[in-house]
Amino acid sequence: MPDWIELLHLQHVDRIFDTPALTLALAMSVGMAALATGSALRLPGILLALAAGVLLGPDFANIVRPAVLGDWLRVIVGFCVSVILFEGALSLNPQRLKRAAKSVRRLVTVGALIAACGAAAAAHYFMGWRWEIAALFGSLLIVTGPTVISPLLRRIKAEKTVSTVLAAEGVLGDAVGAVLATVVFGIAVAPKADSFGVALSELGRIVLVGGVVGFTIGLLIAALGRWRRLTLEGLGRVTTLALVVLAFQLSNSLAHESGVVAAVVAGMTVGSLGPRKQEDLIEFKEELSILFIGLLFVLLAANVRIAEIIGLAERAGMVALALVLLVRPLSVLISTIGAGLNVRQRLFIAWIGPRGIVAAAVASLFATELASRGAPEGAEFRAVVFLTIVVTVTLAGFTGWPVGKLLGVLAKTNQGWLIFGANRVSIAMGVALQEAGDEVVLVDRNREAIAEAEAAGLHVINGNGLEVNTLLRAGIETRRGVIAMTGNDEVNLLFVQTAKRMNQRLQLWLILGGAKGGVTERMLEEERARMLGGRKVDIALLAAMLEEGRGEIETRKRSDADKEDGKTMIRRAGELPLLVRRGKTIEPAGSNYDGVTEIVLLSPRLASSKNGNGKAAKESGRRAAVPPG
């Protein structure tokens, strides 16, 4: 091939990657591949996304080119950040947040002030920046971000109190940091005489506009969430997405950088005033957040020049280590004194301080504006923030679990049961397990069944039990076992197979005997799963018995039945054993009853007692709190 043809060919290929749409598609695909690979290898996926962005960016492969997006890069970042912040605020558990409110409030006020001063001092002395620029750096990196904290908490599995504090700090802190950084930026570039007045005016305007817009849009989303027809037609989640983006962009249009406040306020408003069960909305936003996290980290990493980093590596590394080893511990330990956390919890929170995407996005904006104003620190600002994110995410990602284990703040494993399918039988079984002291979570999508289970005092997750995100929300990786109790044998088997892939230590139980049976005992043996009750039953028929009052849940003790034949007690005709107790342990009933001291079973209700003993036996059985039919 002649050289000139080869050259034309290469130029044509090169021009292909100048397409904004292709840049976005590549960043999105590579980001998701990085996060998926990280999950499979138990590595921080965000680090892989950052590495992929650098390798595919202009300094190496030159395939992902953020520059071709022009001003739209900022629009795309804003779109993604609005959804990420809204999802984080929406996911905050109001009850746990209320209990942890004091510590969270201290972290994002007193702790944020200490962190800002400490980070500013580190940047001033290690980087040699002017105090105005150092203060801008400190205000931007005061706290963690939800983009890195959420995936990290899923991997580490810290106890609920610690997880709630870290998640809330990430969401609220991102808003505080972005607002404070915007105010400090105004001071840094404004004339000295006007700086303080400009700062106060800008701060008040940002908080007021963001709060009003966020609260208003949040009220609208909450009201639409109660519109049953919109929900049934599957439009509720998409409508919410559109309104969240509107809140962010409208607020930004009215007051620069107030969109982050609007997104957080809208999420918290919906979380407090929206429909009681919002797992389907949270699940939808979680999926979008994961997609956007991967996209943003690849794009923003590709937007950083290696030449900017090489000369700063040593000094920037010192700044990052100062934040991790000195500034973060001081800010957490001082601000949480008397806030209701024990020493182990405070030490763990002090160690976990990764910075996230909002810091990277705002830093990119500030770096461009500083450079355009002739500030010598402009070229360094973005690079130092990027290196800080890499160092803090790396340390938290690789040391979070061992540090949590050392401090004893990880969630307990082998605890409680996850039941798939909320019907009358599974509700009765869940109540019996809960009364015995076990934690129980049900998963179902039927709203009426969910309402019935909640009326019985059970915790229910509205979601698809075959989806990984739903099982993660149910705490699958810390459960003792799972019980599949739908009327479809194949679905039950798929559920236990999915659960087994996520937690190899689980006890696997399922009920068999549905109308579309096709699951054999050999299949159960291959999965190490066991059949509930030791035999096939029609769960729809049993649920109908309970609903119509023709069946009851009762508990029999071995000592009460020893007068009869013990085996007859366990296997009377028409009864289904649900749970057995051996010593202090209660678990699903199978085909082995050795050492059983007590049994919970579903039995036909007798119309009348033929002898006095029958009535006495019936009165002695504890009935589960099954809602009346």
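If you filter region 109-162 down to residues that are out of contact with any strand residue (DSSP E or B) (no Cβ under 9 Å at 6 or more places or on another chain) and among the charged types (D, E, K, R), you find that the one that is modelled with the lowest pLDDT is ARG154. Looking only at region 320-358, residues that are outside any helix (DSSP H, G or I), more than 15 Å from VAL104 (Cβ to Cβ) and at pLDDT 90 or above come to 1 in all. For first residues located in region 357-378 and on the phi > 0 side of the Ramachandran plot, partners that are in a loop (DSSP other than H, G, I, E, B) and not aromatic (Phe, Trp, Tyr) and lie 6+ apart or on another chain with Cβ distances below 7 Å do not occur.
GLU521 falls short of the stated requirement of being assigned by TED's automatic domain parsing to the domain that holds ILE427, over 26 Å from the mean Cα position of the chain (by Cα), surrounded by fewer than 22 Cβ atoms within 10 Å (Cβ to Cβ) and within 24 Å of ALA40 (Cβ to Cβ). Consider region 438-482 and keep the residues that are among the small types (Gly, Ala, Ser) and touching a residue at least 40 places away in the same chain (Cβ under 8 Å). The one that is nearest to ARG237 (Cα to Cα) is GLY463.
Put simply, of PHE366, PHE348 the only residue that is crowded, with 24+ Cβ neighbours inside 10 Å, assigned by TED's automatic domain parsing to the domain that holds ALA51, farther than 21 Å from GLU169 by Cα and among the aromatic types (Phe, Trp, Tyr) is PHE366. When THR161, THR109 are checked against the criterion of being touching a residue at least 12 places away in the same chain (Cβ under 8 Å) and within 15 Å of ILE349 (Cα to Cα), THR161 stands alone in meeting it. Within region 570-590, the set of residues being under 13 Å from THR555 (Cα atoms) and modelled with pLDDT of 85 or more comprises PRO577, LEU578, LEU579, VAL580, ARG581, ILE586, ALA589.
Taken together, the criteria exclude VAL171 from residues that are more than 25 Å from ALA222 (Cα to Cα), part of a helix (DSSP H, G or I), of a type in the set (Val, Ile, Thr) and modelled with pLDDT of 75 or more.
Just one of SER289, SER272 is at pLDDT below 80, assigned to a helix (DSSP H, G or I) and surrounded by fewer than 16 Cβ atoms within 10 Å (Cβ to Cβ); which is it? Of SER289, SER272, the one residue that is at pLDDT below 80, assigned to a helix (DSSP H, G or I) and surrounded by fewer than 16 Cβ atoms within 10 Å (Cβ to Cβ) is SER272.
Residue-wise test of (1) surrounded by fewer than 20 Cβ atoms within 10 Å (Cβ to Cβ); (2) free of Cβ contacts under 8 Å to residues at least 40 places away in the same chain; (3) under 30 Å from GLU314 (Cα atoms).
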residue	(1), (2), (3)
PHE386	no, no, yes
ALA396	no, no, yes
ALA411	yes, no, no
ASN423	no, no, no
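Filtering region 302-326 to residues that are closer than 21 Å to LEU152 by Cα and surrounded by 18 or more Cβ atoms within 10 Å (Cβ to Cβ) leaves ALA320, LEU323, VAL324.
For region 114-172, a residue qualifies if it is more than 21 Å from ARG382 (Cα to Cα) and hydroxyl-bearing (Ser, Thr, Tyr), and the qualifying residues are SER150, THR161, SER163, THR164.
Each row is one residue, and each column tells you yes or no for (1) more than 30 Å from GLN345 (Cβ to Cβ); (2) modelled with pLDDT under 85; (3) assigned to a helix (DSSP H, G or I).
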{"site": "GLY177", "(1), (2), (3)": "no, yes, yes"}
{"site": "PHE185", "(1), (2), (3)": "yes, yes, yes"}
{"site": "ALA188", "(1), (2), (3)": "yes, yes, yes"}
{"site": "GLU202", "(1), (2), (3)": "yes, yes, yes"}
{"site": "GLY211", "(1), (2), (3)": "yes, no, yes"}
{"site": "GLY218", "(1), (2), (3)": "yes, no, yes"}
{"site": "HIS256", "(1), (2), (3)": "yes, yes, no"}
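Working only within region 37-58, note down all residues that are surrounded by fewer than 15 Cβ atoms within 10 Å (Cβ to Cβ) and either modelled with pLDDT of 85 or more or not assigned by TED's automatic domain parsing to the domain that holds VAL68 (or both). Listed by number, the list holds a single entry, THR37. Only residues that are buried (at least 23 other Cβ atoms within 10 Å of the Cβ) and not in a helix (DSSP H, G or I) were counted across region 144-164, and they come to 3. So, VAL30, is that one at pLDDT below 85 and under 16 Å from VAL304 (Cβ atoms) or not? Here the answer is no, as VAL30 does not meet what is asked. Residue selection: GLY533 satisfies the criterion of being in the same structural domain as GLY421 (by TED's automatic domain parsing), surrounded by 19 or more Cβ atoms within 10 Å (Cβ to Cβ) and either over 26 Å from the mean Cα position of the chain (by Cα) or free of Cβ contacts under 8 Å to residues at least 24 places away in the same chain (or both).
The values are calculated or read from the model by the stated rules, or taken from the named source; none is laboratory data. These figures come from a predicted structure and were not determined experimentally. Every residue, glycine among them, receives a Cβ derived from its backbone with ideal geometry; neighbour counts consider all protein chains shown.
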